[in-house]
Every structure is written in structure tokens, then in C-alpha cells.
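Read the structure below first, then the notes.
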Amino acid sequence: MKSSLLSLPGAVPAEAPDEGVAAHYGDLFREQRALADGSGFVDLSHRGVLTVTGAERLSWLHLLVTQHVSDLPPGQATEALILSPHGHIEHALYLVDDGETTWLHTEPGDQEAVIAYLESMKFFYRVEVTDRTADIAVVHLPAGSITEAPEGTVVRETPHGRDLFLPRADLDAFAAVHGPAVGILALEALRVEAHRPRLGLETDHRTIPHELGWLETAVHLQKGCYRGQETVARVHNLGRPPRRLVFLHLDGSEVHLPPHGTPLRLAADGLEGRQIGFVTTSARHHELGPIALGLIKRNVPVDALLSAEGTAAAQEVVVAP
């Protein structure tokens with residue numbers, strides 16, 4: 001979905017995986033500071049939106065996702081994962097229930113695969129899954145924002161801010177009243193600072209929740225009965241996930257940020273050393289300078305200096321080895 005807000009002054013289109021919305025509106029650091037101060041909003045109208053209705057929606061979803069949602073109170077936000085049979089992360093869902101409907105948003109374009117999986121698991125349950133991406137846009141308000149959601153808008157409130165499920169037809173009017181608009185790069189920089197993983201960036205085909213710290217926010221360890229649960233329980237009990245997420249302070253003298261997928265090596269081994277991980281997301285932060293998240297082998301010493309193709313990277317522990 002291409003956002004109508006790309007017509008705002010200064011809007012620069014974002015690149016993959018965030019095509020369709022603005023990367024920034026002309027001043028990246030000013031936009032970051034606005035979010036950090038609780039002002040402005042981020043256009044996330046490229047994200048997938050779906051709803052689940054029916055009296056059995058929560059008990060049914062409870063059987064399919066990693067989170068405990070069978071008794072999810074109206075208005076309480078949560079997040080959940082859908083895993084492969086071997087416990088690898090396939091989808092990340094950001095949920096809220098309004099008492100009659102469960103609202104979810106997903107990574108851009110991922111809603112089709114999520115819906116296909118959910119439809120395949122309906123069986124005899126009285127539920128209805130609907131793709132709402134064409135008529136509903138997600139708008140993010142930062143933590144501390146005093147902006148009031150338009151009457152009747154479904155709101156998903158978290159410690160990191162509020163997600164509004166706004167009618168897409170109202171997006172321009174919302175921007176005119178509740179600006180300034182802030183680009184996705186500013187939100188991504190704050191996400192990296194907060195060590196929060198994102199599907200498709202911090203994940204690959206073999207990522208399990210333990211490696212990213214998603215056990216704390218998206219997995220309920222006292223529930224079973226979902227695909228991949230055996231792997232979750234086994235690795236949790238052993239305490240040995242094969243990789244771990246790290247936060248990286250990058251050498252600020254480098255002009256270019258290492259892109260997603262850049263190999264990480266021990267700095268002492270040089271450019272010919274063995275790859276021990278990769279950069280997942282990098283960003284320029286208004287206070288911290290160039291920063292990144294990376295996924296590395298569990299047994300890499302926590303005090304080892306790393307290198308991203310020649311760019312020095314000092315690590316901080318996110319997931320303990």
C-alpha cells in the first residue's frame with residue numbers, strides 16, 4: 001500500500017521492507033527528537049491489518065500462537081508469534097481485542113501468508129478472518145503523546161506508544177491536525193535503541209524466539225498446544241539457544257552504515273576471520289550516533305570487539321549467553 005502522506009512536503013520514500021511510506025520528511029534527527037519527546041506520529045499505513053471475529057476467536061487463536069490470549073481483556077495489547085513445526089519464527093503479530101473483534105497488524109505484505117495459515121486452521125471453529133489492509137491504516141503515536149485518538153478508533157497501547165487502527169480514508173485529515181509526520185527511519189532508530197526485534201530483519205529462516213529476547217514479550221512459557229511449542233520448551237529448559245541478539249555501538253568515523261546482512265567477525269581476526277554473525281538493523285541515532293542490532297553465535301565472548309566488514313562494533317548484551 002502506498003501512503004497518501006508521501007505527498008507531504010519533504011517526504012522521501014522508504015526502501016525495503018518499508019516501501020510505501022516516508023523514510024523521513026527532511027530532518028531525520030529532528031524527527032527522532034520529536035518522537036523521543038512524545039510528539040508527532042509515524043505513518044505505518046504500509047503494514048498489514050487483519051481482523052478476527054466470532055465468539056470463539058480468542059480461544060481459537062490461543063491454540064495457534066505463542067502467547068496466552070484465551071482470556072485477553074478488551075483493550076489490552078499483546079504480541080505473539082506463529083512458529084514452524086520446528087519452532088522457527090514465521091510470523092509476528094501485534095494484537096488488541098475490542099471485546100467483539102481481535103485486531104492485528106503484521107509486517108508489510110505478510111498479512112496474506114498469515115491469513116492463509118489461519119484459514120487452514122479454522123476447521124469447525126466459528127471465526128471469520130478478514131484482510132483489512134485496504135481500508136485500515138496503522139498510525140503510531142510515541143510514548144508520552146497527548147494526542148487523542150479519534151472517536152471510535154481502535155487503539156493498541158504499549159510501553160513504547162500507541163498504535164491506532166485508523167480508517168485509511170481519514171489518514172490525510174489526521175495528519176493535518178496531529179502533525180508533524182515523522183518518518184519510519186526515526187522509529188527504527190528508537191527501536192534499535194530499545195533492543196526490540198523485527199521480523200525479517202532480526203530473523204532468518206532458522207531463528208527461534210530465545211535468540212531475540214522474544215520470550216519476554218511474545219511467548220507464554222506456561223501454555224502449550226501451539227505449533228513449535230516443543231522446541232520452545234526444550235531450548236528454554238536447556239538454556240542454550242544457538243545465537244543471541246546484541247546491541248552494537250558502531251565506529252562513528254565511517255560514512256556508511258553496514259546494511260542488513262553484513263557479516264560480523266571478531267575484530268582481532270581481521271577481514272579474513274570466520275563469520276560469527278551478521279548485522280540485522282543499523283541506524284543513526286540522534287544521541288548515540290551509529291548503532292545496530294546483530295545476531296551472533298552464543299559462545300562469542302561478551303566483551304569481544306566485533307567488526308562489520310571493517311567497521312568496529314562494540315557489543316552490549318541483549319540476550320545473555
Residue among His105, His68, His91 that is part of a loop (DSSP other than H, G, I, E, B), touching a helix residue (DSSP H, G or I) at 6+ places or on another chain (Cβ under 9 Å) and touching a residue at least 60 places away in the same chain (Cβ under 8 Å)
His68
Tell me whether region 265-273 contains one or more residues that are touching a residue at least 24 places away in the same chain (Cβ under 8 Å), surrounded by 14 or more Cβ atoms within 10 Å (Cβ to Cβ), within 23 Å of Ala16 (Cα to Cα) and not β-branched (Val, Ile, Thr).
no
Might you check whether a residue that is over 23 Å from Ala320 (Cβ atoms), assigned to a strand (DSSP E or B) and among the polar types (S, T, N, Q) occurs anywhere in region 145-156?
no
Residue satisfying all of: in region 174-183; of a type in the set (A, V, I, L, M) and surrounded by fewer than 24 Cβ atoms within 10 Å (Cβ to Cβ); nearest to Ala14 (Cα to Cα) among these
Ala175
Within region 1-44, track down each residue that is of a type in the set (Ser, Thr, Tyr) and open to solvent by 60 Å² or more (accessible area, probe 1.4 Å).
Ser7
Residues satisfying the stated conditions in region 23-65, i.e. small (Gly, Ala, Ser), outside any helix (DSSP H, G or I) and either more than 28 Å from Leu288 (Cβ to Cβ) or more than 17 Å from the chain's Cα centre (by Cα) (or both)
Gly26, Gly38, Ser39, Gly40, Ser45, Gly48, Gly54, Ala55
Among the residues of region 114-134, the number that are assigned to a strand (DSSP E or B) and open to solvent by 60 Å² or more (accessible area, probe 1.4 Å) is 2
Considering region 284-321, residues that are more than 23 Å from Thr207 (Cβ to Cβ), in a loop (DSSP other than H, G, I, E, B) and in contact with a strand residue (DSSP E or B) (Cβ under 9 Å, 6 or more places away or on another chain), and then whichever is most open to solvent (accessible area, probe 1.4 Å), we arrive at Asp303
Out of curiosity, is Ile146 of a type in the set (Val, Ile, Thr) and over 25 Å from Ala11 (Cβ atoms)?
no
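The values are calculated or read from the model by the stated rules, or taken from the named source; none is laboratory data. Just so it is clear, the structure is predicted and the values come from calculations on it, not from any experiment. Neighbour counts are summed over all protein chains in view; Cβ atoms, including those assigned to glycine, are modelled from backbone coordinates with ideal geometry. We work out accessible area using only protein heavy atoms, side chains counted, and drop any ligands, DNA or RNA first. Shrake-Rupley method; radii C 1.70, N 1.55, O 1.52, S 1.80 Å.
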